[in-house]
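Comments concern the structure below.
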Number of protein chains: 2
Amino acid sequence: MAEGEAGVERLIELMAKLPGLGPRSARRAVLHLIKKRGVLLLPMAEAMAEVGRTIRECLNCGNLATADICPICAAEKRGNGQICVVEDVADLWAMERSQVFGGRYHVLGGTLSALDGLGPEELRIPQLLDRIETEEVTEVILALGATIDGQTTAHYIADALDERVSVTSLAQGVPVGGELDYLDDGTISAALRARRAL
Amino acid sequence: MAEGEAGVERLIELMAKLPGLGPRSARRAVLHLIKKRGVLLLPMAEAMAEVGRTIRECLNCGNLATADICPICAAEKRGNGQICVVEDVADLWAMERSQVFGGRYHVLGGTLSALDGLGPEELRIPQLLDRIETEEVTEVILALGATIDGQTTAHYIADALDERVSVTSLAQGVPVGGELDYLDDGTISAALRARRAL
């Protein structure tokens, strides 16, 4: 009990479990919180309690929501026939920040992984197939990571959809602002294969 | 409002203000919290609320405490006549982890700094002088960082104590420009053993 007070000690232990924080940075963060009790610690305690109380998964797409249906699924103008399939809510946020997609999402909650015991049932794939029937879906855009698991999952979904809708995936290539010198061979060869006329 | 839900958005904003976290890592941390609602989010909300409600400064030394007097000041066996002066509670924790100091502490809450408008009054230096009178202090050990501000503060305190007690400082062994909180236990304990008169 180097930190003396049990409550402080416990908070440090919990903070150290956050991604990107270890025991040392957790101690610094907790001291910072205590110094900024009024503007940071108490508001954060309240925000966490509120999020814990109100946030759940959208029953339709798996996005975070405070109601049964998330704002994106509830917005009529987002029902344009396109569903973008992402691994995670973080990926949905990334897509939304880019402000170029006007359709709805389907959050898998991971990728198929024999190692982690994640099968189609765990990944909301049956729900995706249901949505093809009930919503008037014309295109499923697979926005999954360019990893082995991501691509395995993409192929599994494409097979499961069985040509009932158009299935596309994000283009692979040189990232905007990227320098060729820093890219891996796989990206360069994918970009070369997918080259197009200027 | 890329993150959709106001509560989630607000929590991300608050988390991004923690040292070591930016907007991106704050988003990751919040998603992690939501995934681990039962074991992480709710316990953390509660721990923060509890710390916010119960933790205050020890009236004697400035350490964190749940009572008027912290456990170290309250422990009779810690009243060995030595007071170790540190800048911050993080430094007190670092000293305690090294387990070589058996006396009490005095937490300044910073260093003298004309730039930040921190004078002796803001740094609990008058309280330290009071303690020299009321507690039977034989030695004041200045465990301040080996920075310009830390050493300026050390000399100011040594002058203010005016040979009423023995004043020592941690040995050079503390790397120049280094902060106490970042040192390993061995360095701290070597520096404490090799302390010398100012």
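The values are calculated or read from the model by the stated rules, or taken from the named source; none is laboratory data. Because the structure is a prediction, the values reported are computed rather than measured. Here Cβ is always computed from backbone atoms with ideal geometry, including for glycine, and neighbour counts include all displayed protein chains.
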- Identify the residue in the stretch A:29-50 that is more than 7 Å from every other protein chain (Cβ to nearest Cβ) and among the β-branched types (V, I, T) and, among all such residues, is surrounded by the most Cβ atoms within 10 Å (Cβ to Cβ). A:V30
- For B:R97, which of the numbered conditions (1) among the basic types (K, R); (2) over 24 Å from A:R28 (Cβ atoms); (3) assigned by TED's automatic domain parsing to the domain that holds B:L192 fails to hold? (2)
- Message: Checking A:R196 against (1) within 22 Å of A:E96 (Cβ to Cβ); (2) more than 24 Å from the chain's Cα centre (by Cα); (3) not aliphatic (A, V, I, L, M): exactly one of these is not met. Which one?
- Response: (1)
- Message: Being at the interface with chain B (Cβ under 10 Å from one of its Cβ atoms) and surrounded by fewer than 19 Cβ atoms within 10 Å (Cβ to Cβ) is the filter here; which residues of the stretch A:68-86 pass it?
- Response: A:P71
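Can you work out which of the residues in the stretch A:1-14 that are facing chain B (nearest Cβ under 7 Å) and buried (at least 17 other Cβ atoms within 10 Å of the Cβ) is farthest from B:I55 (Cα to Cα)? It would help to see each step written out before you state the result.
As a first pass, look at the stretch A:1-14 and keep what is facing chain B (nearest Cβ under 7 Å): A:2-5, A:7-8, A:10-11, A:14.
Then keep just the ones that are buried (at least 17 other Cβ atoms within 10 Å of the Cβ); that gives A:3-5, A:7-8, A:10-11, A:14.
Details: A:E3: 12, A:G4: 11, A:E5: 8, A:G7: 8, A:V8: 8, A:R10: 13, A:L11: 12, A:L14: 17 Å.
Across the stretch A:1-14, the extreme among qualifying residues is A:L14.
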- Criterion (of a type in the set (A, V, I, L, M, F, W, C), in contact with a strand residue (DSSP E or B) (Cβ under 7 Å, 6 or more places away or on another chain) and more than 13 Å from B:C84 (Cα to Cα)) met by exactly one of B:L128, B:L161, B:L123: B:L161
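Taking the condition polar (S, T, N, Q), in contact with a Leu (Cβ under 9 Å, 6 or more places away or on another chain) and under 18 Å from B:L198 (Cβ atoms), does B:T168 pass?
The answer is yes for B:T168.
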- Select from the stretch B:16-28 the residues that are closer than 20 Å to A:R37 by Cβ, within 7 Å of chain A (Cβ to nearest Cβ) and part of a helix (DSSP H, G or I) and list them in ascending order. none
- Message: Name the single residue that is farthest from the other protein chains (Cβ to nearest Cβ) among those in the stretch B:179-198 being surrounded by 15 or more Cβ atoms within 10 Å (Cβ to Cβ) and part of a loop (DSSP other than H, G, I, E, B).
- Response: B:L198
- Message: Within the stretch B:87-101, take every residue that is of a type outside the set (F, W, Y) and facing another protein chain (nearest Cβ under 9 Å) and give me the one that is surrounded by the fewest Cβ atoms within 10 Å (Cβ to Cβ).
- Response: B:Q99
- Message: For the stretch B:71-90, which positions are over 27 Å from B:Q151 (Cβ atoms) and under 16 Å from the mean Cα position of the chain (by Cα)?
- Response: B:P71
